[in-house]
């Protein structure tokens, strides 16, 4: 059996570059573990690797869906399981690259997700949000499931409604159904190589600030404006992600350009901190500090581990 490589860590740490360089060396194919890169037309705000940056390496779950289509952890889990099998069948090594913690654990630990509920429940909360506003909807979630509410932005209506839907269907908060699994770290199959990238806070925050500046320079405001002109709703789930929701604030006139950039940098740094908190709890990750180990050194180390595993299996 060919190994499965997982590369994770906080935003802007260098996961995409490492994934491509590793794929070149081991004849691998990349599966994106990012919740926004899956969407077409959302390029700048998702830090989607360009064609040049992909270096002819196949990238899966990138540019797959229209921004109006739903994509969940359950979708990612089912699609990725199929992709891993297909990539191995071609004699290639699957490399999952991304920082969406729930996505990664869904394929490593076999999470099961609550069944989809009825449209009537969803529509009820959608109508509530339209009539009462997103803030009132968020307050309802805080009352029934404060743990989930703490993890969500008040304007992330799709996830808020999903959490309320699960509560109505099961009588239990979504956080309780998930947290008991998130605190357990079962031993991984020997074929899995779980890599985490990290860096000192100052180094990482500098990279984040530079990326945010580059997003503005590259035209993220025009990207969002164009999508709105095409008729996409600003309430779409994809538009609630970091970067896109900040541009919406600016386009609505809620904040100035300078204030939008300040908030974008601040919220991205906070997001990176949450990612590190999530992943550092997992004792199965082999960590590499990007300021100590260069890309070539990390790639060489992973290649060696893959060769050892394949020779042992053979």
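Hey, could you check region 242-266 for residues that are closer than 18 Å to residue 154 by Cβ and out of contact with any helix residue (DSSP H, G or I) (no Cβ under 8 Å at 6 or more places or on another chain) and say which is surrounded by the most Cβ atoms within 10 Å (Cβ to Cβ)?
Here the answer is 266.
Could you check residue 296 against (1) loosely packed, with under 12 Cβ neighbours inside 10 Å; (2) at pLDDT 95 or above; (3) closer than 22 Å to residue 209 by Cβ and say which number it fails?
Just one mismatch for residue 296, condition (3).
With under 23 Å from residue 265 (Cβ atoms) and loosely packed, with under 14 Cβ neighbours inside 10 Å as the only criterion, which of 190, 150, 184 stands out? Steps first, answer last, please.
Values: 190 fails: under 23 Å from residue 265 (Cβ atoms); 184 fails: under 23 Å from residue 265 (Cβ atoms).
Checking each option against the conditions leaves just 150.
Kindly provide the set of residues from region 226-241 that are free of Cβ contacts under 8 Å to residues at least 60 places away in the same chain and either surrounded by 13 or more Cβ atoms within 10 Å (Cβ to Cβ) or assigned by TED's automatic domain parsing to the domain that holds residue 70 (or both), ordered by number.
228, 234
Which residues, counting only those in region 141-161, are closer than 21 Å to residue 72 by Cβ and outside any loop (DSSP other than H, G, I, E, B)?
Kept after step one, since they are closer than 21 Å to residue 72 by Cβ, are these residues of region 141-161: 141, 144-145, 147-161.
141, 144, 147, 148, 149, 150, 151, 157, 158, 159, 160, 161, listed by residue number.
Here is a list: 283, 186. Which entry is part of a loop (DSSP other than H, G, I, E, B) and within 26 Å of residue 150 (Cα to Cα)? Give the steps one after another, and end with the answer.
Details: 186 fails: within 26 Å of residue 150 (Cα to Cα).
Testing whether each residue is part of a loop (DSSP other than H, G, I, E, B) and within 26 Å of residue 150 (Cα to Cα) leaves just 283.
Grab the helices (runs of 4 or more DSSP H) fully contained in region 1-120, keeping just those with 3 or more residues being modelled with pLDDT under 95 and crowded, with 21+ Cβ neighbours inside 10 Å.
Numbers: elements: 15-26, 51-54, 73-89, 101-108.
It comes to 101-108.
What's the number of the condition residue 27 fails, among (1) closer than 21 Å to residue 294 by Cβ; (2) in contact with a strand residue (DSSP E or B) (Cβ under 9 Å, 6 or more places away or on another chain)?
It is condition (1) that residue 27 fails.
Modelled with pLDDT under 90, more than 27 Å from residue 41 (Cβ to Cβ) and either out of contact with any strand residue (DSSP E or B) (no Cβ under 8 Å at 6 or more places or on another chain) or part of a helix (DSSP H, G or I) (or both): is that true of residue 205 in this structure?
No: the conditions fail for residue 205.
The values are calculated or read from the model by the stated rules, or taken from the named source; none is laboratory data. The shown structure was predicted, so the numbers you read here are calculated from the model rather than taken from an experiment. No Cβ is skipped: glycine too gets one built from the backbone with ideal geometry, and neighbour counts run over all protein chains shown.
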